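Notes to accompany the following structure.
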There are 2 protein chains.
Amino acid sequence: MSVTAAKGFTAAGIAAGIKENGNPDLALVVNNGPRRAAAGVFTSNRVKAAPVLWSEQVLKAGQVSAVVLNSGGANACTGPRGFQDTHATAEKAADVLGRGAIEVAVCSTGLIGVLLPMDKLLPGIDAAAAQLSEHGGEKAAIAIKTTDTVHKTSVVTRDGWTVGGMAKGAGMLAPGLATMLVVLTTDADTDNETLDRALRAATKVTFDRVDSDGCMSTNDTVLLLASGASGITPGDEEFAEAVREVCADLGRQLIGDAEGASKDIKVEVVGAATEEDAVEVGRSIARNNLLKCAIHGEDPNWGRVLSAIGTTRAAFEPDQLNVAINGVWVCKNGSVGEDRELVDMRYREVHIVADLAAGTETATIWTNDLTADYVHENSAYSS
Amino acid sequence: MSVTAAKGFTAAGIAAGIKENGNPDLALVVNNGPRRAAAGVFTSNRVKAAPVLWSEQVLKAGQVSAVVLNSGGANACTGPRGFQDTHATAEKAADVLGRGAIEVAVCSTGLIGVLLPMDKLLPGIDAAAAQLSEHGGEKAAIAIKTTDTVHKTSVVTRDGWTVGGMAKGAGMLAPGLATMLVVLTTDADTDNETLDRALRAATKVTFDRVDSDGCMSTNDTVLLLASGASGITPGDEEFAEAVREVCADLGRQLIGDAEGASKDIKVEVVGAATEEDAVEVGRSIARNNLLKCAIHGEDPNWGRVLSAIGTTRAAFEPDQLNVAINGVWVCKNGSVGEDRELVDMRYREVHIVADLAAGTETATIWTNDLTADYVHENSAYSS
């Protein structure tokens with residue numbers, strides 16, 4: 001049900017001809033109110049795509065009536081012309097929907113450095129608007145796929161209100177978000193400030209802790225729109241929890257569909273002096289190409305975990321580090337622990353625990369293995 | 001001629017049986033004086049192998065008479081027993097050579113987390129000592145190979161004095177050195193302080209700017225030994241230049257033999273406000289897996305260069321960035337530049353220039369592409 005699970009929203013997904021292969025490539029999500037509250041989190045990459053620069057302004061204006069999303073082109077590094085194209089996209093959608101352009105967020109994904117075919121995109125908005133439906137969430141989720149092999153949606157329903165959403169992303173997943181477009185919707189009756197708090201708290205421990213290949217995108221956008229259509233205002237904590245649950249589910253789906261991956265790796269850092277230390281160590285492990293290759297080969301090569309920990313500034317003593325892989329403590333006190341032959345790595349999910357023995361804080365980072373398929377997919381992407 | 005190009009040195013390389021496949025795995029380099037001056041640079045990984053911890057102490061003591069190097073095992077993360085083994089190795093070599101153990105540096109390379117077969121290694125030192133020769137440099141260079149496909153040596157001769165050396169390293173090449181063992185020798189009559197200044201200045205702009213896969217080793221060691229046998233004391237600058245030349249040559253050979261690589265990539269950052277900015281941007285580009293895959297596919301995907309620059313804290317404006325790939329300015333002012341079809345990427349060496357348009361400082365980082373062969377090699381290394 002995706003973005004249309006919550007009351008007050010319609011959506012559509014169509015093939016506008018932006019992608020040369022004729023696959024769906026344009027999605028429209030409309031908030032029919034009564035509220036049009038919104039919050040957004042964007043890439044921390046300093047090279048930001050035109051739609052990110054635009055949508056940041058939309059969020060500042062404070063009201064989001066619709067989101068236009070396209071795959072088939074990122075509209076990043078496209079100069080003033082690219083920004084004009086994003087603006088024209090918002091204006092077109094605003095015209096069709098009878099709203100103001102500054103209420104229309106825009107998201108794009110695909111190859112960097114290529115202008116969008118506006119002669120296809122603008123008529124596509126008419127076509128998408130004509131198909132807007134309370135059942136359109138699934139099609140919208142399909143239309144934003146790039147190298148995704150499956151579309152990703154999630155819904156959490158509470159007592160009379162709902163949070164739902166869709167996500168796309170399969171590579172370039174790294175902190176500060178990823179090549180990740182996410183639209184979340186809710187019919188809870190909440191204001192911008194509540195949405196913003198809930199969304200930032202959720203992304204901090206979900207999307208920001210998904211690190212597929214260490215590469216940070218120019219286009220990452222996570223939007224949360226509230227229609228108020230349920231008439232219910234949940235408690236802050238209850239609402240934040242629901243948003244976090246949907247984000248965690250979508251984040252897990254992103255890792256599960258990461259480009260070329262054959263293993264989903266949960267890196268759990270425990271015994272850290274601070275949460276920051278735990279996150280730094282988790283990221284360092286998650287980004288270690290040699291370890292990611294070893295996991296691909298079902299090789300519990302814990303030396304590469306220690307080598308990754310050793311590059312961080314976290315508090316620890318080398319001779320107190322402990323590492324478990326799938327429940328076997330293969331490294332104890334910085335040295336050889338239980339027999340590595342005991343580690344069973346046949347299944348897709350791999351669980352690494354790194355114990356810094358320096359405190360009680362923890363953090364979990366999700367990543368995936370590095371495979372020949374990842375290389376193939378990304379060496380042929382733009383050609 | 002390697003480490004025996006300079007007068008006053010003998011060396012040997014033998015198969016001691018540390019490697020199960022019977023390949024050469026033990027090298028011995030001896031400084032016969034009259035001087036036994038030395039300098040060393042070690043990994044900045046906080047998880048340091050036993051031989052690194054030991055050799056750091058040897059350097060502090062101030063005199064190096066010999067270096068024992070083994071492949072077939074890194075002796076890292078091996079606890080107190082591993083350190084005892086390194087100590088026993090130094091004592092054995094000292095006995096055989098009639099010197100003190102604290103004058104014997106030890107280097108190890110291979111798999112982390114496995115104890116060395118001391119019953120093979122210690123008799124191997126006798127065997128190596130029996131073969132010490134002024135022509136043994138080549139064999140020593142061969143004995144330290146792990147996944148290296150070729151052995152690496154370099155020699156620079158000046159007016160009456162020489163700097164020569166050998167290196168091993170093929171993966172885990174990243175700043176703070178790499179899985180890199182380097183022994184440099186000179187017959188110049190120089191003291192420890194001069195050696196130290198020359199070596200640190202050289203590694204800073206050579207080995208420290210070689211970044212194959214972003215992974216930092218537990219074992220990196222670069223040693224520079226001086227015998228004084230030429231009787232000549234070169235000028236500081238002239239000497240430093242010779243050391244830098246040998247280090248640059250060996251560094252270039254390391255990248256040329258990086259695991260699974262099919263392209264050597266020279267990332268040149270220009271127009272930076274500071275040298276630190278240039279290095280940070282160069283590293284960020286060199287470590288971008290998506291870009292490294294694209295280069296492998298001979299795809300001049302400059303968007304991934306901009307995306308990498310955008311993750312740094314360097315001074316720049318996104319709309320002033322310029323990028324050239326093999327001489328074609330595919331990105332100008334942060335947007336589409338010359339036709340990417342003009343870029344010829346058929347040759348092994350690829351040259352990326354990133355112009356930050358923020359100053360006059362520059363730095364060059366060498367890296368390589370990311371390939372399916374890298375994945376295969378590193379997913380099967382320890383099994």
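Derivation of every value follows stated rules applied to the coordinates shown; laboratory data play no part. Everything numeric here is computed off the predicted structure, so don't read it as measured data. Cβ coordinates were reconstructed from backbone atoms using ideal geometry, including for glycine residues, and neighbour counts include every protein chain displayed.
Counting Cβ atoms of other protein chains within 10 Å of each Cβ in A:34-45 and taking the mean gives 1. Mean silhouette area of segment B:89-170, derived from the convex hull of its C-alpha atoms and averaged over all directions, reads 7.0 nm².
Each of the peptides A:95-105, A:360-370 was scored by the mean count of other Cβ atoms within 10 Å over its residues; in descending order, highest first, they stand as A:360-370, A:95-105. Here's the list of lysines a cross-link from A:K60 could span, going by alpha-carbon distance under 23 Å and ignoring same-chain residues fewer than 8 apart: A:K48, A:K92, A:K204.
Taking the DSSP bridge list for the protein assembly as shown and keeping only pairs wholly inside it, about 70 percent are antiparallel. Wrap a convex hull around the Cα atoms of chain B, take a quarter of its surface area, and give that in square nanometres. Its Cα hull, projected and averaged over all orientations, spans 18.1 nm². From largest to smallest, the equivalent ellipsoid semi-axes obtained for segment A:264-379 from the alpha-carbon gyration tensor read 23, 17, 11 Å.
For peptide B:362-371, the mean count of partner chain Cβ atoms within 10 Å of a residue's Cβ comes to 1.
In segment A:145-285, inverting the average of 1/r over every pair of distinct C-alpha atoms gives 15.6 Å as the Kirkwood radius. Peptide A:284-291 has a mean shielding of 5, counted as Cβ atoms of other protein chains within 10 Å of each residue's Cβ. Note on segment A:81-135: Cα-Cα pairs beyond 13 Å make up 62% of the total pair count. Three principal axis extents of segment A:55-117 based on alpha-carbon atoms, in descending order, are 30, 23, 18 Å. Here segment B:264-379 is treated with +1 on each Lys and Arg Cβ and -1 on each Asp and Glu Cβ, and its dipole about the Cα centre works out to around 200 debye. Of A:L97, A:T218, A:G303, whose Cα points farthest to the positive end of the dipole of chain A (charges on the beta-carbon: +1 Lys, Arg; -1 Asp, Glu; origin at the Cα centre)? The listed residue farthest towards the positive side: A:L97. Dipole size of the protein assembly as shown about its Cα centre, with +1 on Lys/Arg Cβ and -1 on Asp/Glu Cβ: approximately 200 debye, rounded to the nearest 20. With both residues required to sit in chain A, DSSP beta bridges show an antiparallel share near 70%. Remark on segment B:99-224: Rg and Dmax equal 15.6, 46 Å (Cα only). Converting phi to 3J(HN,Hα) with the Karplus coefficients 6.51, -1.76 and 1.60 and the offset θ = phi - 60°, segment B:65-76 yields 8, 7, 10, 9, 10, 10, 9, x, x, 8, 6, 10 Hz in sequence order, with x at every glycine or proline.
Ignoring lysines fewer than eight residues from A:K263 along the same chain, the ones with Cα atoms less than 20 angstrom from its Cα are A:K152, A:K168, A:K292. Over segment A:39-89, the fraction of Cα-Cα pairs per 5 Å bin, rounded to whole percents and listed from the shortest bin up, is 4, 19, 32, 26, 16, 3.
Close amide-amide hydrogen proximity is noted between A:A363 and A:V269, each under 5 Å apart and 5 or more residues distant or on a separate chain (H modeled in the peptide plane; Pro and chain starts excluded).
In the protein assembly as shown, the alpha-carbon atoms span a convex hull of 142 Å³ per residue. When all alpha-carbon pairs of segment A:1-131 are counted, what percent fall beyond 23 Å? Of all Cα-Cα distances in segment A:1-131, 26 percent exceed 23 Å.
Spatial offset of segment B:4-27 relative to segment B:257-277 amounts to 33 Å, using the alpha carbon center of each.
Comparing B:N31, B:T4, A:V150 along the charge dipole axis of the protein assembly as shown, the residue lying farthest to the positive side is A:V150, per the Cβ-charge model. DSSP assigns beta bridges within segment A:264-379; of those with both partners inside it, close to 70 percent run antiparallel.
Each stretch of four or more DSSP H residues adds -39500 (n - 2.57); spread over every residue of the protein assembly as shown, this sum gives -10000 deg cm²/dmol at 222 nm. Electrostatic bookkeeping for A:V163 treats Lys and Arg as +1 and Asp and Glu as -1; over the other residues with beta carbon under 11 Å from its beta carbon, the sum is -3. Computed from the Cβ-Cβ distance with R0 of 41 Å, the FRET efficiency linking A:F83 to A:Y347 stands at 0.30.
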